[in-house]
Structures are given as structure tokens and as C-alpha cells.
Amino acid sequence: MIKSMTGYGRFEGAIDGRRIVFEIKSVNHRFFELQCRLQRGYGFLEESIKELLGKYISRGKVDVFVSVEADENVAADVKLNHSLAAGYVNALKELSEKYGLRDDISVSTISKYTDIFTVSKAPEDEEKLCEIVNAAGEQALKSFMEMREREGEKLKNDVLERGRNIISIVSEIEERSPKTVEEYRNKLYERLKEVLADTTIDEQRMITEAAIFADKTAVAEETVRLRSHFAQLEQILNDSAPAGRKLDFIVQEMNREANTIGSKVCDAELAHKVVAIKADLEKIREQIQNIE
């Protein structure tokens, strides 16, 4: 299924006693580029997250935010810096004696000086935490991928509609092109009649000139290739693999054929049709910039 490169997904909930927030959003980009915002001390999660997203995303600039609530069951070891605490106590006593202040030093007073405590926790189980965060990521990716697929379907339908319109115009060009040769031959004949008056017109020369004109203005090869390119475009759009780069190449080739047709036609009506083709191709090119 065709997917857009634009998407958003979010999960917030508890997994294995941990409250996790996993938010993901993406926009257009030529390649897969990941930007992770993680809490301090959780940088080890980034590689695991990148590996997870790589299973679902091939192109796009992806921003991920992950918040992990601390595990309250992890034992903590609190140590007191006795020398620093004694220094605070002595300083407070000196302050009391020198300025005649009431000595109300208590445990709560000293505990305000947090630098006297050193708190250490058991190291996180990184492997387990990666599993928990990836489980949250899988949940966020469900809504993220659904959005990408919905947008991709809209892009696909728009591209196909414009492509079919191009092929319809190509049919009109194929129908009109041979008539321009006959019209050229008739105009050439009328001009020669005016110039040469009673002189006999060389019919063979007329046929030769018309043939040269027909060869110069023939667009059959280009219209056949345009049809072939559209068939490839349609096939790619109906495939399940990432298609953005292939589609970009196909549209470049279609634009090349349209330019060649435009350089060959010598008829205002055909020139307008070529302009219409190029306008639709430009819209298609803009749309496929959003396709993964």
C-alpha cells in the first residue's frame, strides 16, 4: 500500500509498572532521518528505537519523544557526608553565638542542605527497559501507520486521476497530429497556387515537403512512451513496496517526453494540449514528493 511520509502517533500508558509516553511524527525527507528526544540517562534507548522504526519506515524525517517514569521499586542507597554536615552545624552555631540568634538547629534544618546526601540507585535493566519502550512504540506506530496509509491512499488516487487525464490528452494529440500534416499540405498548396499563378505545381515536390513536415512533427514515438510510462506508474502505485523514488524517476521521463512533443508541434491546439499535460505532470511531481 502507498504511504505518505506525513504521520503522527502517540501512546501513553503503563507497561510492566512503568508509565511510558511515546510520541512519533514525520514529514517529507529524501532519506530516513531520526531525531530522538530522551530523558537524561536514557540515551541507550535510541538505537533500539531506531531499529524498531526501521521496520516500518524507509523515508521521512522522523521525530520521536519518549518519557519513562522512574521505577519506584528500585532500591536506593542514601549516604550522608558527615564532615560536610558537621561543617554546616558548626557554621550555624557560630552564626547563633556571634549575632545572639536563637539556636534552633534541627534535623530538618540541616536536611535542607541537600549536598550532604549522596543518592545512588541500582543500574537500570537496559534490555528490559528497551523491551518496554519498544512495546509502547509498537502501540504508537499503529495510529502513525494508519494515518500514513490514509494519506497515501489520497495521494495515490490524485496521481492516478491526473495520470489518466494526461493519457486522455495524449489520445487527443494522437488524433489531431495526422490532421496537421494534411492541413500543412493544403496550406502549402494554396500558397504555391497564389505565387505560381498559372504555372503547374510540382506534385512530387508537394508530397516531399509534406513528408518532411510529417517526419519533423511526428510524435507517435513520444506518445507511445508516455503511455508506457503511465502504465509503469500505475503498476508502482498498486505495489506494496516504497515507491517515492521510482515514481520520481518515472515522472521525470514523462516530462521529458512532453517536452519533446512540445518542441515538435507546430499547431496552437496541440501546443495547448502539451501545456495541459505539463501542468498535470507538475501536480503529480508535487504529490509524489509526499510518498514514501
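Where a number appears in this text, it was derived from the coordinates with a stated rule and is not lab data. All figures in this text were calculated on a predicted structure; none of them were measured in a lab. Ideal geometry is used to build each Cβ from the backbone, glycine not excepted, and the neighbour counts take in all protein chains shown.
Before moving on, here are some points about what is shown:
- Distance between the modelled labels on T114 and D63, one decimal in nanometres: 2.9 nm (7 Å Cα→Cβ projection).
- Summarised in one figure, the compactness ratio Rg/Rh of region 22-66, Cα atoms and Kirkwood Rh, is 0.96.
- Footprinting exposure proxy ranking of V224, V133, fewest other C-beta atoms within 10 angstrom first, gives V224, V133.
- Sorted peptide list for 4-11, 247-254, criterion being average Cβ within 10 angstrom, highest first: 4-11, 247-254
- Where a label projected 7 Å from the Cα of S143 along Cα→Cβ would reach, residues of region 47-71 with amide N under 18 Å: 63-68
- Under the combined filter of DSSP loop state and at most 11 neighbouring Cβ atoms within 10 Å, region 1-87 retains these GluC sites (Glu not before Pro): E72.
- Q35-S263 FRET efficiency (beta carbon distance; Förster radius 35 Å; 0.05 resolution): 0.20
- Full extension of the segment from E161 to E174, taken as 0.36 nm per residue of separation minus the current Cα-Cα distance, would add 2.7 nm.
- Partner lysines for K3 [C-alpha distance under 29 Å; skip if fewer than 8 residues away on the same chain]: K25, K50, K55, K61, K142, K154, K156, K246, K278, K283
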